[in-house]
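> Starting off with a structure, shown below.
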Amino acid sequence: MQNSVLITSSIGKKLIMGLTGLFLVFFLVVHASINGCIWFNDEGKTFLYYAHFMGTNFLVHIAEVGLFGGLILHMVDGLLLWKQNRDARPVKYAYSNPSANSKWYSRSMGLLGTLILFFLIVHLRNFWGPNRLNQITTGEELNLFQLMQEDFSNLWMVVFYVAACFSLFWHLLHGFKSAFQSLGLNNVKYNKAIEIAGTAFAIIVPLVFALMPISFYFNLVH
Amino acid sequence: MKFNLKVWRQKNAQAQGKLVDYTIENIIPDMSFLEMVDVLNDNLVRKGEDPIAFDHDCREGICGMCSMYISGRAHGPHHAATTCQLYMRSFKDGDTIYVEPFRAGAFPIIKDLVTDRSAFDRIIAKGGFVSVNTGQAQDANNLPVDKADAEKAMDAAACIGCGACVAACPNSAAMLFVSAKISQLALLPQGGPERNNRAINMVNQMDEEGFGNCTNIGACEAECPKEIKLTNIARMNREYLVASLINE
Ligand code: HEM
Ligand code: SF4
Ligand code: FES
């Protein structure tokens, strides 16, 4: 018998990164679609309708547990990779020219991911945390639309959100197509399509997210 | 031509190494990088100093022995070339050139620029041995091989095991090398019988040797002297996944 440790081997870790990464990508699509409803300019009516569904539906709550699980797996595995890879070269080069053969953001996935993590902590504390707490204590949901209006009247909060979107942009610019390669889905027939889709996704989704706080700050949504 | 060299000198595996400055003159532009180091060593020997130890053998780009991390890149600034195929005309007169060994925990330094790359040999040995009886002329047609697969296998087989992929990779991952070896045999009928065991055994040995994990940065493909493709790594991922799921 040939033993393989699918989870802890080098390739097993890549598979986990790829699967959880694409899962998070899927989550971003859902998240961006629902939050994009603020631009209906109906005082958040459409947005709140879906937010209510996402906040109270039983199946969504189960999916939410899966989302946190996937995110934690992605982070733990990602940071483990980062540490092992750093340790794999105990003596560094005295002089190196890595930009000659690769992109800086491809080499900085751990850093970009950690920046996203900092953002997530603040972000969950702004919206998800208070809302769930209120649901548990009073059974009522908060008006997330109003909460956004309040939070995004603060210029620093807007700048922080936009900066986080840049981290996400670079993380996805490498991550999207990288996930396909990790899963072994590399085929000359589809590579170009995956690359274009990845670049488009990395630009569009963070841009949509960045425009939300900006729109609130300039009173473009009401 | 004249060059300022900063060369990594290290007595042995345990000693602390450091960059040492050398100046060299009267270098002919058409000398290879190794020949330039030969001239430098000749100067050092005449002065009674210890010559710089470095790996080399064929000096025609086919054996994979020559190494060196030159001016921040594995095998120097040339695309798809080994250090023996790098010529001094690729540099400018008066350039300062850094020369370091291939660095990775799995490639311990023996002396100066010589590293122990036998981790690769142990990975190869885990792949098992494929013996092919070529038989009579007509027997060549008895084992049909798809032309496209034959081409891909030949491309993968071009890997000379030099280790530039490991040296260039920010993660010190050996996946381009291992995937070339796994691909070469997985694509051909001769490699079929032990295909699954081979994928698992070689990957396990790669992990045991302490190489890093691939994060699809692509520096290996960019620096490989034999232009081994990243598609091989994707194939290895598939081979390993399938083998892990079905092997008993
Ligand atoms: C919504 C947030 C996130 C999304 C959509 C996302 C997406 C992705 C994707 C698609 C990949 C490529 C996977 C692969 O190469 O197989 C990736 C890689 C990576 N992620 Fe994330 N990620 C997110 C958050 C994070 C966080 C919070 C961290 C760490 C604290 C992190 C750390 C990493 C690291 C280190 C890698 C590189 C590993 C590799 O390329 O193999 N990510 N991410
Ligand atoms: S894959 Fe390329 S760089 Fe790596 S060992 Fe083989 S020939 Fe050298
Ligand atoms: S010495 Fe053989 S490849 Fe360079």
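The values are calculated or read from the model by the stated rules, or taken from the named source; none is laboratory data. Small disclaimer: the values here were computed from a predicted structure and weren't measured. For neighbour counting, all protein chains shown are included, and Cβ atoms are generated from backbone atoms with ideal geometry for every residue, glycine included.
> Which members of segment B:61-114 meet the condition of being within 18 Å of B:Asn12 (Cβ to Cβ) and of a type in the set (Val, Ile, Thr)?
Matches in segment B:61-114: B:Ile109, B:Ile110, B:Val114.
> So, one more: Taking B:Ile123 as the residue in question, decide whether it is touching a Lys or Arg at 6+ places or on another chain (Cβ under 8 Å) and in the same structural domain as B:Met236 (by TED's automatic domain parsing).
yes
> Still on this model: Would you confirm, using the coordinates I've provided, whether B:Asp38 is away from ligand 3 (no atom under 16 Å from the Cβ), at pLDDT 95 or above and not assigned by TED's automatic domain parsing to the domain that holds B:Ala168?
no
> Do we find that B:Asn232 is closer than 26 Å to B:Ser118 by Cβ, out of contact with any His (no Cβ under 6 Å at 6 or more places or on another chain) and among the polar types (S, T, N, Q) in this structure?
Taking the combined requirement at face value, the residue satisfies it.
> Continuing with this model, one more query. Is there any pair with a first residue in segment B:204-227 that is more than 7 Å from every other protein chain (Cβ to nearest Cβ) and within 14 Å of A:Ser106 (Cβ to Cβ) and a second that is within 10 Å of ligand 2 (Cβ to nearest atom) and assigned to a loop (DSSP other than H, G, I, E, B) whose Cβ atoms are under 6 Å apart and which are 6 or more apart or on different chains, and what are they?
B:Cys220/B:Cys169
> Next up: Would you check which residues across segment B:54-69 are under 11 Å from B:Ala167 (Cα atoms) and more than 11 Å from ligand 2 (Cβ to nearest atom) and list them?
B:Met68, B:Tyr69
> Within 22 Å of the chain's Cα centre (by Cα) and closer than 30 Å to B:Ile97 by Cα: does that describe A:Ser99?
no
> When segment A:1-29 is examined, which residues are found to be within 15 Å of ligand 1 (Cβ to nearest atom), at pLDDT below 95 and out of contact with any helix residue (DSSP H, G or I) (no Cβ under 8 Å at 6 or more places or on another chain)?
A:Thr8
> Could you look through segment A:88-112, keep only residues that are part of a helix (DSSP H, G or I) and at the interface with another protein chain (Cβ under 7 Å from one of its Cβ atoms), and pick out the one that is surrounded by the fewest Cβ atoms within 10 Å (Cβ to Cβ)?
Among those that are part of a helix (DSSP H, G or I) and at the interface with another protein chain (Cβ under 7 Å from one of its Cβ atoms), it is A:Ala100.
> On to the next question. Conditions: (1) over 17 Å from A:Ser9 (Cα atoms); (2) within 15 Å of ligand 2 (Cβ to nearest atom). B:Asp146 meets all but one. Number of the miss?
(2)
> Look at A:Ser153 and say whether it is in contact (Cβ under 8 Å) with a residue 24 or more places away in the chain, polar (S, T, N, Q) and in a loop (DSSP other than H, G, I, E, B).
yes
> Sticking with this one: Looking at segment A:64-79 only, could you name the residues that are among the aliphatic types (A, V, I, L, M) and surrounded by 15 or more Cβ atoms within 10 Å (Cβ to Cβ)?
Of everything in segment A:64-79, those that are among the aliphatic types (A, V, I, L, M) and surrounded by 15 or more Cβ atoms within 10 Å (Cβ to Cβ) turn out to be A:Leu67, A:Leu71, A:Leu73, A:Met75.
> Name the pairs whose Cβ atoms lie under 7 Å apart, with the first residue in segment B:2-29 and more than 12 Å from chain A (Cβ to nearest Cβ), the second of a type in the set (Phe, Trp, Tyr) and in a loop (DSSP other than H, G, I, E, B), and 6 or more positions between them or separate chains?
Pairs that qualify, where the first residue is more than 12 Å from chain A (Cβ to nearest Cβ) and the partner is of a type in the set (Phe, Trp, Tyr) and in a loop (DSSP other than H, G, I, E, B), are B:Phe3/B:Phe91.
> Right, another one. Looking only at segment B:63-76, count every residue that is outside any loop (DSSP other than H, G, I, E, B) and away from ligand 3 (no atom under 15 Å from the Cβ) and tell me the total.
Count: 1.
> Cβ-Cβ distance below 9 Å, separation of 6 or more or different chains: which pairs start in segment B:157-184 with a residue that is at the interface with chain A (Cβ under 10 Å from one of its Cβ atoms) and end on one that is near ligand 2 (Cβ under 6 Å from one of its atoms) and of a type in the set (Gly, Ala, Ser)?
B:Ala174/B:Gly163
> Can you name every residue in segment A:37-87 that is part of a helix (DSSP H, G or I), free of Cβ contacts under 8 Å to residues at least 12 places away in the same chain and charged (D, E, K, R)?
The answer is A:Lys45, A:Glu64, A:Lys83, A:Arg86, A:Asp87.
> Can you pull out every residue in segment A:171-198 that is touching a helix residue (DSSP H, G or I) at 6+ places or on another chain (Cβ under 7 Å), surrounded by 21 or more Cβ atoms within 10 Å (Cβ to Cβ) and within 22 Å of A:Arg107 (Cβ to Cβ)?
Selection gives A:His171, A:Leu172, A:His174, A:Gly175, A:Phe176, A:Lys177, A:Ala179, A:Phe180, A:Gln181, A:Ser182, A:Asn186.
Per-residue answers, yes or no, for (1) farther than 25 Å from B:Glu223 by Cβ; (2) within 16 Å of ligand 1 (Cβ to nearest atom); (3) small (Gly, Ala, Ser); (4) in a strand (DSSP E or B):
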{"site": "B:Pro29", "(1), (2), (3), (4)": "no, no, no, no"}
{"site": "B:Val37", "(1), (2), (3), (4)": "no, no, no, no"}
{"site": "B:Pro51", "(1), (2), (3), (4)": "yes, no, no, no"}
{"site": "B:Gly61", "(1), (2), (3), (4)": "no, no, yes, no"}
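> Tell me yes or no: at least one residue of segment B:77-88 is part of a strand (DSSP E or B) and out of contact with any helix residue (DSSP H, G or I) (no Cβ under 7 Å at 6 or more places or on another chain).
yes
> Also, quick follow-up: Scan segment B:162-190 residue by residue and report those that are away from ligand 1 (no atom under 16 Å from the Cβ), among the polar types (S, T, N, Q) and crowded, with 24+ Cβ neighbours inside 10 Å.
Once the filter is applied, which keeps residues that are away from ligand 1 (no atom under 16 Å from the Cβ), among the polar types (S, T, N, Q) and crowded, with 24+ Cβ neighbours inside 10 Å, segment B:162-190 yields only B:Ser183.
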